[in-house]
């Protein structure tokens with residue numbers, strides 16, 4: 001068996017075609033969706049991520065507002081900038097690029113964002129909403145993974161799903177979203193003993209641990225769907241995931257590559273959430289519903 005590739009780049013491009021059509025409708029109603037990104041400091045990786053988000057906005061016709069603050073900016077300065085953006089009618093989504101410098105309380109900053117503009121899905125309201133199934137904006141990476149799973153055509157209901165990694169950004173919300181789809185979910189983390197004992201039982205294996213090559217073929221069930229969220233740069237400058245791709249693809253039925261799998265979807269779902277925010281504020285009325293993202 002050789003796994004079929006789940007192509008996140010191709011799916012992202014298809015979704016963006018629909019996004020451009022939605023932007024055109026918004027503009028007919030006098031609304032241009034806008035995303036504001038706050039970058040504190042000069043972290044090289046963060047600069048790349050912000051650049052990718054700005055390019056995605058331009059690709060879809062979304063206005064982008066880039067707010068760069070120095071690395072020694074105070075928490076008060078960041079909160080003041082967020083307050084300005086919360087009140088700005090042209091801004092429908094606000095994203096604070098992480099990580100933040102140590103003098104800034106990340107939780108306080110994220111909770112200062114208007115919940116109706118929290119397109120990253122990190123506000124306590126949106127995170128809590130995942131538990132009961134009515135979050136306004138799902139976090140972008142798990143949301144992208146959910147759509148990638150849909151491309152396989154396999155119903156996750158009743159499947160054993162194992163999530164490796166328990167971060168607030170990916171692992172925990174991913175587990176909650178799988179539960180909503182009626183999968184049986186196990187979350188593994190740094191303290192999990194005998195990781196392979198859990199992963200070998202997974203019909204769906206989602207790995208977001210940040211450790212290159214963590215998952216090897218012996219740890220994967222024949223026919224499993226494997227989603228690799230990890231992005232790791234090796235000393236030779238290669239980008240790899242958390243899964244031994246070449247080995248595991250000989251056992252899995254479906255697998256995401258790195259790069260080109262989950263990464264493109266994360267940015268694309270950020271645009272999706274921004275459009276939803278603009279649609280809610282700009283043209284929502286009793287007879288109109290925001291488009292639902294579907295996978296062909």
What base-10 log of the normalised intensity I(q)/I(0) is obtained for the stretch 28-115 from the Debye formula, alpha carbons as equal point scatterers, at q = 0.14 Å⁻¹?
-0.48
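Sort 117, 172 by Cβ crowding within 10 Å, fewest neighbours at the top.
Lowest to highest Cβ neighbour count: 172, 117.
Summarise the long-distance tail of P(r) for the stretch 77-195 by giving the % of C-alpha pairs beyond 21 Å. Before the final figure, lay out each step's value.
Details: 3219 of 7021 pairs.
Result: 46 percent of Cα pairs exceed 21 Å.
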Using Cα pairs under 8 angstrom and six or more residues apart, how large is the relative contact order of the stretch 112-194, in percent?
25
Debye calculation, C-alpha points only, no solvent: report log10 I(q)/I(0) for the chain at q = 0.07, 0.16 Å⁻¹, in the same order as the q values.
-0.27, -1.33
So what's the angle, to the nearest 10 degrees on a 0 to 90 scale, between helix 262-282 and the longest Cα principal axis of the chain?
40
First obtain the Kirkwood hydrodynamic radius of the stretch 140-262 from its Cα pairs, then insert it into the Stokes-Einstein equation at 20 °C and 1.002 mPa s, and state the resulting D in µm² per second as a whole number.
152
Compute the relative contact order of the stretch 140-262 as a whole-number percentage, counting only Cα pairs closer than 8 Å that sit 6 or more residues apart in sequence.
22
Cα centroids of the stretch 170-191 and the stretch 51-91: how far apart, whole angstrom?
31
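Take every Cα pair under 8 Å in the chain that's 6+ residues apart, average their separations, divide by the length, and report that relative contact order as a whole percent. Please report the intermediate quantities before stating the final value.
Details: 569 pairs, mean separation 67.2, N = 296.
Relative contact order comes out at 23 percent.
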Take every DSSP beta bridge with both residues inside the chain and express the antiparallel ones as a percent of the total, to the nearest 5.
10
Report the antiparallel proportion of the DSSP beta bridges in the stretch 140-262 as a percent, rounded to a multiple of 5.
10
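No value in this document is a laboratory result; all are computed from the given coordinates. From a predicted model like this one, the values you see are computed outputs, not experimental measurements. Heads up, the Cβs are rebuilt from the backbone with ideal geometry, glycines too, and the neighbour counts pull from every protein chain shown.
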